[in-house]
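Reviewing the structure listed below.
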Amino acid sequence: WPSGMIGYFPSYMLGNLYAAQMYAKARQDIPNLEKRIEKGDVLALVDWLRKNIHAVGRKHEPERLLKVATGKELDSSYFLKYVIDKYSEIYFI
């Protein structure tokens, strides 16, 4: 954003890729996360984000932060799984 690229498509895509991978890790670490969210209880997820992302975010570049938080380098398969699962359910495909 500092360079004037607000709304720049690749930055949104990177955010989606990172978010899908982080969420997959949070689901792995937090028992019954989906059920908690369905009930409006997001505290466990917020705590996970604070511990694994917010507390260390400024210490690392994005690629390193993702590896520290998830144990893996950026992997598009998490986003692909999210999209396939979501749209398969919506459109019955």
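The values are calculated or read from the model by the stated rules, or taken from the named source; none is laboratory data. Only a predicted model underlies this, so the values are computations on that prediction, with no experimental measurement involved. All Cβ positions, even for glycine, are placed from backbone atoms using ideal geometry, and neighbour counts span all protein chains on display.
So the values come out like this:
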read-out: Filter result for the condition that a residue is farther than 13 Å from Leu17 by Cβ, at pLDDT below 95 and small (Gly, Ala, Ser), over Gly40, Gly71, Gly57; value: Gly57
read-out: Leu45, sole failed condition from (1) in contact (Cβ under 8 Å) with a residue 24 or more places away in the chain; (2) surrounded by 14 or more Cβ atoms within 10 Å (Cβ to Cβ); value: (1)
read-out: Tyr12 of a type in the set (Phe, Trp, Tyr), in a helix (DSSP H, G or I) and either free of Cβ contacts under 8 Å to residues at least 40 places away in the same chain or touching a Leu at 6+ places or on another chain (Cβ under 8 Å) (or both); value: yes
read-out: Number of the exception - Pro10 against (1) over 12 Å from the mean Cα position of the chain (by Cα); (2) at pLDDT 95 or above; (3) of a type outside the set (A, V, I, L, M); value: (2)
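Okay, residues lined up against (1) within 17 Å of the chain's Cα centre (by Cα); (2) aromatic (Phe, Trp, Tyr); (3) surrounded by 11 or more Cβ atoms within 10 Å (Cβ to Cβ):
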{"site": "Ile37", "(1), (2), (3)": "yes, no, yes"}
{"site": "Leu49", "(1), (2), (3)": "yes, no, yes"}
{"site": "Asn52", "(1), (2), (3)": "yes, no, yes"}
{"site": "Val56", "(1), (2), (3)": "yes, no, yes"}
{"site": "Glu61", "(1), (2), (3)": "yes, no, no"}
{"site": "Val68", "(1), (2), (3)": "yes, no, yes"}
{"site": "Tyr78", "(1), (2), (3)": "yes, yes, yes"}
{"site": "Phe92", "(1), (2), (3)": "no, yes, no"}
